[in-house]
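The next block holds one structure in the form of structure tokens; read it before the comments.
The values are calculated or read from the model by the stated rules, or taken from the named source; none is laboratory data. A quick note: this is a predicted structure, and the numbers were derived from the prediction, not measured. Here the Cβ positions follow ideal geometry from the backbone for every residue, glycine too, while neighbour counts run over all protein chains shown.
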Amino acid sequence: MAVVTFLKASNGLVKFIGLAPEESSNAIEFIQEVKDRVNVSLAHTNADYETVATAFVAGANHAVHLYNAMPEFTHRKPGVVGAVFDNKHVMAEIICDGIHIHPATIRATFRMMGADRMM
């Protein structure tokens, strides 16, 4: 796999790889392959809850820019936000500038995830 060669060549400098698991048919296998070398972050993914949960079980451990460019968190389709909540090993990054995310949503997300899982 070319990325594994790239990771070896980086000599440990690459720390994170971001991906949207719905964009590649081999995303889960890729996550399993690289999870011990780097942190795998779900980035601007439009995946549903089940796809994201599968990626987290495979070894992804981070979600970048929670809410942005992601499906909405609703009572019937919890999406990325719901999958992050259910997978306690996952860290969540959120943009707290008062523009990208409403301040009430920021407060609710910190309460939901716990401050120790938020970046």
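The residues of region 68-83 that are farther than 15 Å from L19 by Cα and either buried (at least 19 other Cβ atoms within 10 Å of the Cβ) or not basic (K, R) (or both), listed by number, are P71, E72, F73, T74, H75, P78, G79, V81, G82, A83. Restricting attention to region 42-69 and to residues that are among the small types (G, A, S) and more than 11 Å from the chain's Cα centre (by Cα), the residue that is farthest from M118 (Cα to Cα) turns out to be A58.
Residues that are within 21 Å of V80 (Cα to Cα) and of a type in the set (K, R) within region 1-35 comprise just one, K35.
Against the condition touching a Phe, Trp or Tyr at 6+ places or on another chain (Cβ under 7 Å) and surrounded by fewer than 20 Cβ atoms within 10 Å (Cβ to Cβ), how does V57 come out, does it pass?
It is false that V57 is touching a Phe, Trp or Tyr at 6+ places or on another chain (Cβ under 7 Å) and surrounded by fewer than 20 Cβ atoms within 10 Å (Cβ to Cβ).
Considering region 56-110, the residues that are among the polar types (S, T, N, Q), touching a residue at least 12 places away in the same chain (Cβ under 8 Å) and in a loop (DSSP other than H, G, I, E, B) include one that is farthest from H44 (Cα to Cα), namely N87. Output the number of the condition that I99 fails; it satisfies all remaining conditions of (1) at pLDDT 95 or above; (2) more than 15 Å from the chain's Cα centre (by Cα); (3) of a type in the set (A, V, I, L, M). Failing condition for I99: (1).
Residue pairs whose Cβ atoms lie under 6 Å apart, separated by 6 or more positions or on different chains, with the first residue in region 28-45 and assigned to a loop (DSSP other than H, G, I, E, B) and the second basic (K, R) and at pLDDT 95 or above, do not occur. Residues that are hydrophobic (A, V, I, L, M, F, W, C) and buried (at least 19 other Cβ atoms within 10 Å of the Cβ) within region 21-33 comprise A27, F30, I31, listed in sequence order. Looking across region 1-49 at every residue that is touching a helix residue (DSSP H, G or I) at 6+ places or on another chain (Cβ under 9 Å) and small (G, A, S), the one that is modelled with the lowest pLDDT is identified as S24. Look at (1) touching a Lys or Arg at 6+ places or on another chain (Cβ under 8 Å); (2) crowded, with 20+ Cβ neighbours inside 10 Å and you find that L7 fails only one, number (2).
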